[in-house]
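A short reminder: the numbers here are calculations on the coordinates, not readings from a lab. Nothing here was measured: the structure is a model prediction, and the numbers come from that model. As a convention, Cβ positions derive from the backbone with ideal geometry for all residues, glycine included, and neighbour counts pool all protein chains shown.
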Amino acid sequence: MMRTHHSLAHWIEAAEHGVLRSFIMLLGLVIALIGLGLGVTLVMLPAGIALGVTGTIVFMFGAIGDMPTDD
């Protein structure tokens, strides 16, 4: 059985990856909430729907999407 040694650089890269995913999820949530707020008014309903769907997609990408790695 091969034992791998993880360096400090590996742990820093993993932490950056987690922080980036958290930022993407937060950004998607903010965009979706802005879309919800705009969707309340009848005049801005189309923009609210578009922003709400976009925010949901960005949030889901941050939650379950796959990000490219430099292997």
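Quick one: which residue in Leu33, Leu8 is of a type in the set (A, V, I, L, M) and either surrounded by 12 or more Cβ atoms within 10 Å (Cβ to Cβ) or touching a Cys at 6+ places or on another chain (Cβ under 8 Å) (or both)? Walk me through it before giving the result.
Details: Leu8 fails: either surrounded by 12 or more Cβ atoms within 10 Å (Cβ to Cβ) or touching a Cys at 6+ places or on another chain (Cβ under 8 Å) (or both).
Answer to the check: Leu33.
Looking across region 1-50, the residues that are closer than 25 Å to Asp66 by Cα, free of Cβ contacts under 8 Å to residues at least 12 places away in the same chain and of a type in the set (D, E, K, R) come down to Glu13, Glu16.
Scan region 20-41 for residues that are more than 10 Å from the chain's Cα centre (by Cα) and within 17 Å of Met60 (Cα to Cα) and jot them down. It would help to see each step written out before you state the result.
The initial filter retains those residues of region 20-41 that are more than 10 Å from the chain's Cα centre (by Cα), namely 30-41.
Correct list: Val30, Ile31, Ala32, Leu33, Ile34, Gly35, Leu36.
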